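The values are calculated or read from the model by the stated rules, or taken from the named source; none is laboratory data. Please read these numbers as outputs of a predicted model, since none were measured by experiment. Don't worry about glycine lacking a Cβ; one is built from the backbone with ideal geometry, like all the others, and counts go over all protein chains shown. Areas reflect the complete protein model, heavy atoms only, side chains present, ligands, DNA and RNA absent. Shrake-Rupley method; radii C 1.70, N 1.55, O 1.52, S 1.80 Å.
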Amino acid sequence: MSGPLEGVRVIDLTGTVLGPMGTQILGDAGADVIKIEAPGGDPVRYVGPRVSPDMGAYFLNLNRNKRSVVLDLKRKPARAALLRLIGTADVFVHNMRPAAAARLGLDHATLGPQFPRLIHASASGFRRGSALADAPAYDDIIQGMSGLASLNGAAAGTEGPRYVPTVMADKITGHVLASSVAMALYHREKSGRGQALHVPMLETMLSLDRKS
């Protein structure tokens, strides 16, 4: 597919909604996105209506314009294969918690010296360095903690918080992730250097608070 990111290769180690939405946007813009899945597949494969047992419509929409490779990263040969793929890439994206990425040697501190032109992009629930940096997060948790559910409940005139009936935090953070990668690629064109970027869900949603 042609587009402004034609010739850019993205290694996509993300699952569920946030990361796949960000890389879907990059793929729609012409990037060559290679999605890495565990042997069990992305959990979203099995969500919602589907003709094929492991190819739900939601999954297909989030992962269009991508190629796919299955790697069991618990095995050393699979981790070595992933590193070889990263060595061919412009961008590496994951949505693991920081400590989990470090345990696998997939954090920027490990990969940056090996691949100085690589854009290392990650997204997780909370800001790095915060008390919650390695806490698990899902869309409803972030809607609640950011105040979005409270604002939505007040706007609807209901008692108490009310969730937005879509994975709003995942989707908005995915868009911010994609735009951040594009800016990092522009920086690399001028400087020749890659960099690390991290997009936290909570802080991204807090930036949308109407009272801020």
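Among 43-50, 6-13, how do they line up from the highest to the lowest mean number of other beta-carbon atoms within 10 Å?
Most protected by this proxy first, the peptides run 6-13, 43-50.
Quick one: what are the phi-derived ³J(HN,Hα) couplings along the range 167-183, Karplus 6.51/-1.76/1.60 with θ = phi - 60°, whole Hz, x for glycine and proline?
Each residue's phi maps through the Karplus curve to give 7, 4, 5, 4, 5, 5, 5, x, 5, 5, 4, 4, 5, 5, 4, 4, 5 Hz.
Given the peptides 28-35, 78-85, 55-62, arrange them by the average over their residues of other C-beta atoms within 10 Å, most packed first.
Highest-to-lowest ranking by the protection proxy: 28-35, 55-62, 78-85.
How far, in nm, would the chain grow between GLU6 and ARG75 when pulled straight, counting 0.36 nm per residue and subtracting the alpha carbon separation?
21.6 nm
Using helices alone, what [θ] at 222 nm do you get for the chain, with -39,500 (n - 2.57) per DSSP H run of 4 or more residues, divided over all residues and rounded to the nearest 500?
-12500 deg cm²/dmol
Quick one: which of 128-135, 95-102 comes out on top by average Cβ neighbours within 10 Å, and what's the full order, highest first? Write out the running numbers ahead of the final one.
Working: 128-135: 12.5, 95-102: 17.6.
So the order, starting with the most tightly packed, is 95-102, 128-135.
Could you work out how far helix 18-28 tilts from the main Cα principal axis of the chain, as a 0 to 90 degree angle to the nearest 10?
Approximately 60 degrees, to the nearest ten.
What FRET efficiency, computed as 1/(1 + (r/R0)^6) with R0 = 25 Å and r the Cβ-Cβ distance, is obtained for ARG64 and HIS175, rounded to the nearest 0.05?
0.95
Quick one: if you stick a label point 7 Å off each Cα along the C-beta vector at ALA156 and ASP140, how many nm between them?
Going from the ALA156 label point to the ASP140 one covers 1.3 nm.
Return a whole-number percent for the relative contact order of the chain, with Cα pairs under 8 Å and 6 or more residues apart as the contact set.
The value is 21 percent.
I'd like to check one number: the per residue accessible area of the chain, probe 1.4 Å, reported in Å² as a whole number.
So the chain comes to 51 Å² accessible per residue, rounded to a whole number.
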